[in-house]
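A.B. asks: Below is one structure. I have some questions about it.
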Protein chains: 6
Amino acid sequence: MDRHSGEYYDEIERRLYTSVLADVMDDLGYRNQTMRHDIRPLFEGAKVVGRAATLLMCEVFQMPAEPFKLELELLDSLEPGEVVVLTTQGSHRAAVWGELLSTHTHARGGRGTIVDGLTRDAWGIIDMRFPVFSSGITPADSKGRLDVIAVRVPIEVGGVLVQPGELVVGDVDGCVAIPEPVEEVVIERAFEKVAGENEVRQVLAGGASIRQVFRDYGIL
Amino acid sequence: MDRHSGEYYDEIERRLYTSVLADVMDDLGYRNQTMRHDIRPLFEGAKVVGRAATLLMCEVFQMPAEPFKLELELLDSLEPGEVVVLTTQGSHRAAVWGELLSTHTHARGGRGTIVDGLTRDAWGIIDMRFPVFSSGITPADSKGRLDVIAVRVPIEVGGVLVQPGELVVGDVDGCVAIPEPVEEVVIERAFEKVAGENEVRQVLAGGASIRQVFRDYGIL
Amino acid sequence: MDRHSGEYYDEIERRLYTSVLADVMDDLGYRNQTMRHDIRPLFEGAKVVGRAATLLMCEVFQMPAEPFKLELELLDSLEPGEVVVLTTQGSHRAAVWGELLSTHTHARGGRGTIVDGLTRDAWGIIDMRFPVFSSGITPADSKGRLDVIAVRVPIEVGGVLVQPGELVVGDVDGCVAIPEPVEEVVIERAFEKVAGENEVRQVLAGGASIRQVFRDYGIL
Amino acid sequence: MDRHSGEYYDEIERRLYTSVLADVMDDLGYRNQTMRHDIRPLFEGAKVVGRAATLLMCEVFQMPAEPFKLELELLDSLEPGEVVVLTTQGSHRAAVWGELLSTHTHARGGRGTIVDGLTRDAWGIIDMRFPVFSSGITPADSKGRLDVIAVRVPIEVGGVLVQPGELVVGDVDGCVAIPEPVEEVVIERAFEKVAGENEVRQVLAGGASIRQVFRDYGIL
Amino acid sequence: MDRHSGEYYDEIERRLYTSVLADVMDDLGYRNQTMRHDIRPLFEGAKVVGRAATLLMCEVFQMPAEPFKLELELLDSLEPGEVVVLTTQGSHRAAVWGELLSTHTHARGGRGTIVDGLTRDAWGIIDMRFPVFSSGITPADSKGRLDVIAVRVPIEVGGVLVQPGELVVGDVDGCVAIPEPVEEVVIERAFEKVAGENEVRQVLAGGASIRQVFRDYGIL
Amino acid sequence: MDRHSGEYYDEIERRLYTSVLADVMDDLGYRNQTMRHDIRPLFEGAKVVGRAATLLMCEVFQMPAEPFKLELELLDSLEPGEVVVLTTQGSHRAAVWGELLSTHTHARGGRGTIVDGLTRDAWGIIDMRFPVFSSGITPADSKGRLDVIAVRVPIEVGGVLVQPGELVVGDVDGCVAIPEPVEEVVIERAFEKVAGENEVRQVLAGGASIRQVFRDYGIL
């Protein structure tokens, strides 16, 4: 399947989840791919799969000459299948994502947003069921508080280095980033592992010894 | 409209939200009016608008001679349209709000509660849909752990200085306080801005350039 | 009623809640029995009552010779009526509980899980309505990151010392542990206090003076 | 020796230290008597022994009618042999101790100050070698930021409950509080343990097996 | 005296201190001018007075095309009497100041450095007695970890907004920034207040009532 | 020179420092070798170089059957040139190092101690000038609070993975660990870089342009 098609992202969204992806990456030696646990979905059932369009933000202490300049450029350049991935480097001074940006991103074929930082207009985002993951919510706007200083560069999000274009996945457990060099094998093995887990689940539900199950299937 | 009437508070509750209020205050130079993002509503859809009846609490390490004395006096003096606004100054030793206090406050015409601190009896509060905002939930009672030392005085709640009688608003995005001197103009402009945002939303949903929209409307 | 029977746990789950249990223990001088407020239920309505089967975990920085060894032994030894109680001592490196372990525990008659640490597979746990309380959620597995070093020993969970076999209760307000020596009297008085609170609620809903109510009933 | 005499305090100051006092209290089952490790001496060699004159402070958000009222009353009532013990309950908004208060306290026979909070005028305090222990230093004054709400009451300092009149000891390792009921036995055993440690030190310096030493002396 | 001369800075350094400056600014209604208390001098006796040459730093996650570009430009543009004032916005990933930069700054007539962030080469800085204030020390270099994104702009340092050219003062108590509009009056009153404190100190050292002294002199 | 001889460690201690070692490792792509900045030397001038003898500690909540068992075994097995490297995984419940252990370690030829956790008996350790680095100081003993669960295994100390036998270096700037595979080249290049820095220092002290110096020497 074309790894840059909507079908590919939809298929992953439907059948995989972040914990199985994290397990497969662990086995391949990629052990730092899960974002910090305070980056949470805005609503129950939110799930996102797509390619990272990254933005790096920094606190500012005066109104920029052209507020939002780089951010708006990035948003107008969005391609279908992209996920906006943003970091404020730990700053919680203001929200850096909201409902109007979500509306625009959705209209351009963007699949969601992951923010290491705060968001706002949660009522509108939840209402349109646009999958946004963030460290929290605040009414405060970013204008004159935080501004984008670089786009489509490597950034650290929730403690994970995310490369532009990298596949990112978020669900109720949190978010993971899948490095390009192993993406194909990770997705392939994840589909296999999901099948195995379904079997294990059946056996355990029947009251089996968990030690026996772990010996037989090697997964938990 | 009478700025101390139930109709006034209801109208704000129905048509405005905290992010637009924060934006208008930002433009007027009041840039520190949004409370820290960990003060969250207890249930989805909770919204509160009213005048702050403030309480200042402090940790205690022995049982007070008359536990809850000042707090109960304040609660018996509540006027319709008031919102109980409480701070424990960061202490998370015990809950300082609960279901019985909510029942009383509701019976007296109080419109909700904002706590920089913990609450409890969440089951009962959620059940009666009384809008409570807090930094978290714990089963522990405040008796002999925290006590009110002053009422109807200025307090800092979630990093915002709140004056007694000031208009406070809370929704899914968090809470804001609106200083008396600008209340009238803030509310007026917020109604206008909400109208503008509705128009921008339509344009963006149609796939417009976000840079063009920002140039045309000046809002995001 | 047999204090080790399912009926006993069910009765407590149906009629009591953690805040009333905390109040009764406070009155008896047991004032440090409520766990830190960041240990939260995974879904609305989750409630757990049962006897603590404790596990103590520690970070590891290489793959153990036999990963999960002690943990699996404990899980295979679970008795009906037990609740798995786990601490990672503040480590948030990985999830130490998930959906397959929940399936197994449920099959063995376990009544729920309380984790001072992270969990994962929230989708599956929520789906089966198995009551899990934790400090957060992450996709990362514990294998090679955290391992159990002792089972059925005293541990500190959310700041509360929990003895193996001790009654633990969790609901929307959080979790409490009830020391064995006072369990009987605590449960008895809690049933009484619940009845009193119902009466107070009625009086307050009618608009009574809260000072008068506090004088008359002594509870809030 | 008179347990309220300067000779008694001086003797303890000269010959004992906080770690040996903590060990002896541990053995007696008093295991929560050492204050949080961020309460540090202002200068090398600072050491304090005396009876706690306690003050409880709380943040305020307007200028009090009579700033410092209770604090000054306490300071004018100080007896020789007392140590001022203060908590701001975690607030770091301002310094609550300084050089002029130190000068006064020293003139009245006070032996030092322990602050769970910040201090200032460190230059002057260091210069007069008055033993002050605090959580940090700031130039900001407490006037209109923090005020004393009770004196000579039980308070929690660095996580330890301190009763008025209780013996407190601070040195380079930190601070401890010694409950009145065990003070006599603690001091007595501490003198003995110090002697034992001197012997162990000699043996270990000679290159002995530490397992053998621990078996022989039971201390480390 | 010329407020931009070395004599002016020297005089302040010799005779004033940060706590008295903070007090005078408090009285003038400038109550947020003292930096967070974790910004500490690198050695005992370090004191700095001068005009802020500000730098704003941001985390980066790849090697910049020209590392240190803006920083070096600023350093080559330093004027005598300036103090380098830097913020990393809370990032502790690497040191942003060191011994070679200190050597250069000293050679150019710079009077010191205040860093809301980490420094390194403490041995060399201490050895040359160049007054550096920072939030801590680490061996890690900033290259590819943090980079300057703007110079001579308003920045927030330890929670205080610092304007370029503003007078900053640091000593053992911490650091303050003095806004330009009030600089003249602040310095003038501070000299007066220091004289008053010397008198009060004498009176208190004689054992006077502190309440009486506060009534007579109005300072503490 | 023999990389396991006292001469080798002494030479590094005399002529190198942690910041230059961190720089060289950065250039080789080892960018996570500097420990968190809160691990500080106990006294001015403390410096340590040697091979890591690692201990992993965990909180316990009852007295172990044989307290200190593994720890004492490790201490009796110490070889000259070793440095005790300990982590409590963030626990600050008690001190895990003290004066008697220092005396023993020194007697056995151990060169120092690095603790991600607390220490005590600072008076004695400072007095004997034994180089101990720790996250803080407390009088509380570890007995029944923390116990060693593994020795000579890989551990994480201040965020750095340390292998047993790895070279660790600590000075006023903090601590670094040097991975075995690059130790030889790191030490060699560090000696060269120190020479270069001495030259740069001279040029800068003469008032040179820092941009020119950076272009000419490539170091800062």
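A.B. asks: Do we have B:G90 as touching a residue at least 12 places away in the same chain (Cβ under 8 Å) and closer than 19 Å to C:L220 by Cβ here?
C.D. replies: no
A.B. asks: When you check B:T18 against the structure, is it polar (S, T, N, Q) and closer than 29 Å to A:D38 by Cα, yes or no?
C.D. replies: yes
A.B. asks: With the requirement that a residue be in contact with a Ser or Thr (Cβ under 9 Å, 6 or more places away or on another chain) and under 20 Å from A:E11 (Cβ atoms), what does region A:24-40 give you?
C.D. replies: A:M25
A.B. asks: Can you find even one residue in region C:142-153 that is under 23 Å from B:I137 (Cβ atoms), touching a residue at least 40 places away in the same chain (Cβ under 8 Å) and either surrounded by 24 or more Cβ atoms within 10 Å (Cβ to Cβ) or within 10 Å of another protein chain (Cβ to nearest Cβ) (or both)?
C.D. replies: No - not one qualifying residue is present in region C:142-153.
A.B. asks: Look through region F:1-21, keep the residues that are surrounded by 15 or more Cβ atoms within 10 Å (Cβ to Cβ) and in contact with a strand residue (DSSP E or B) (Cβ under 8 Å, 6 or more places away or on another chain), and return whichever of them is farthest from the other protein chains (Cβ to nearest Cβ).
C.D. replies: F:Y9
A.B. asks: Moving on to the next point. Among the residues in region F:103-118, are any buried (at least 24 other Cβ atoms within 10 Å of the Cβ), at positive phi and more than 12 Å from chain D (Cβ to nearest Cβ)?
C.D. replies: Within region F:103-118 (the criterion being buried (at least 24 other Cβ atoms within 10 Å of the Cβ), at positive phi and more than 12 Å from chain D (Cβ to nearest Cβ)), the answer is yes, since at least one residue qualifies.
A.B. asks: Report whether or not E:R215 is surrounded by fewer than 15 Cβ atoms within 10 Å (Cβ to Cβ) and under 25 Å from F:I219 (Cβ atoms).
C.D. replies: For E:R215, the condition - surrounded by fewer than 15 Cβ atoms within 10 Å (Cβ to Cβ) and under 25 Å from F:I219 (Cβ atoms) - is not met.
A.B. asks: Okay, next question. Regarding region C:22-38, can at least one residue be identified that is surrounded by 23 or more Cβ atoms within 10 Å (Cβ to Cβ) and within 30 Å of F:V157 (Cβ to Cβ)?
C.D. replies: Yes - at least one qualifying residue is present in region C:22-38.
A.B. asks: Could you tell me which numbered condition A:W97 fails, if it satisfies all but one of (1) under 12 Å from A:S135 (Cα atoms); (2) within 12 Å of chain E (Cβ to nearest Cβ)?
C.D. replies: Unmet for A:W97, out of (1) under 12 Å from A:S135 (Cα atoms); (2) within 12 Å of chain E (Cβ to nearest Cβ): (2).
Matching residues to (1) within 11 Å of another protein chain (Cβ to nearest Cβ); (2) part of a loop (DSSP other than H, G, I, E, B); (3) of a type in the set (F, W, Y):
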position	(1), (2), (3)
C:R129	no, yes, no
C:A140	yes, yes, no
C:V169	yes, no, no
C:V176	yes, no, no
C:E183	no, no, no
C:E188	no, no, no
C:V194	no, no, no
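A.B. asks: Just the residues that are within 19 Å of B:F133 (Cα to Cα) and either more than 9 Å from chain D (Cβ to nearest Cβ) or of a type in the set (G, A, S) (or both), please, taken from region B:55-68.
C.D. replies: Across region B:55-68, the qualifying residue is only B:L55.
A.B. asks: Which pairs have Cβ atoms under 8 Å, sit 6 or more apart or on different chains, and link a residue in region A:22-51 that is within 10 Å of another protein chain (Cβ to nearest Cβ) to one that is in a helix (DSSP H, G or I) and hydroxyl-bearing (S, T, Y)?
C.D. replies: These pairs meet every condition: A:T34/A:T18.
A.B. asks: Mind checking which residues of region A:69-86 are at the interface with another protein chain (Cβ under 9 Å from one of its Cβ atoms), buried (at least 17 other Cβ atoms within 10 Å of the Cβ) and touching a Ser or Thr at 6+ places or on another chain (Cβ under 8 Å)?
C.D. replies: A:L75
A.B. asks: Going by what's in this entry, would C:E156 be described as assigned to a strand (DSSP E or B) and farther than 28 Å from A:E44 by Cα?
C.D. replies: yes
A.B. asks: Please state which one of A:R201, A:R211, A:R215 is over 27 Å from C:I126 (Cβ atoms), more than 14 Å from chain E (Cβ to nearest Cβ) and basic (K, R). Outline the logic, then answer.
C.D. replies: Numbers: A:R201 fails: over 27 Å from C:I126 (Cβ atoms); A:R211 fails: over 27 Å from C:I126 (Cβ atoms).
Going through A:R201, A:R211, A:R215 in turn, just one is over 27 Å from C:I126 (Cβ atoms), more than 14 Å from chain E (Cβ to nearest Cβ) and basic (K, R): A:R215.
None of the figures in this text is laboratory data; all of them are computed from the coordinates on show. Model, not experiment: these values are computed from the prediction. Cβ coordinates were reconstructed from backbone atoms using ideal geometry, including for glycine residues, and neighbour counts include every protein chain displayed.
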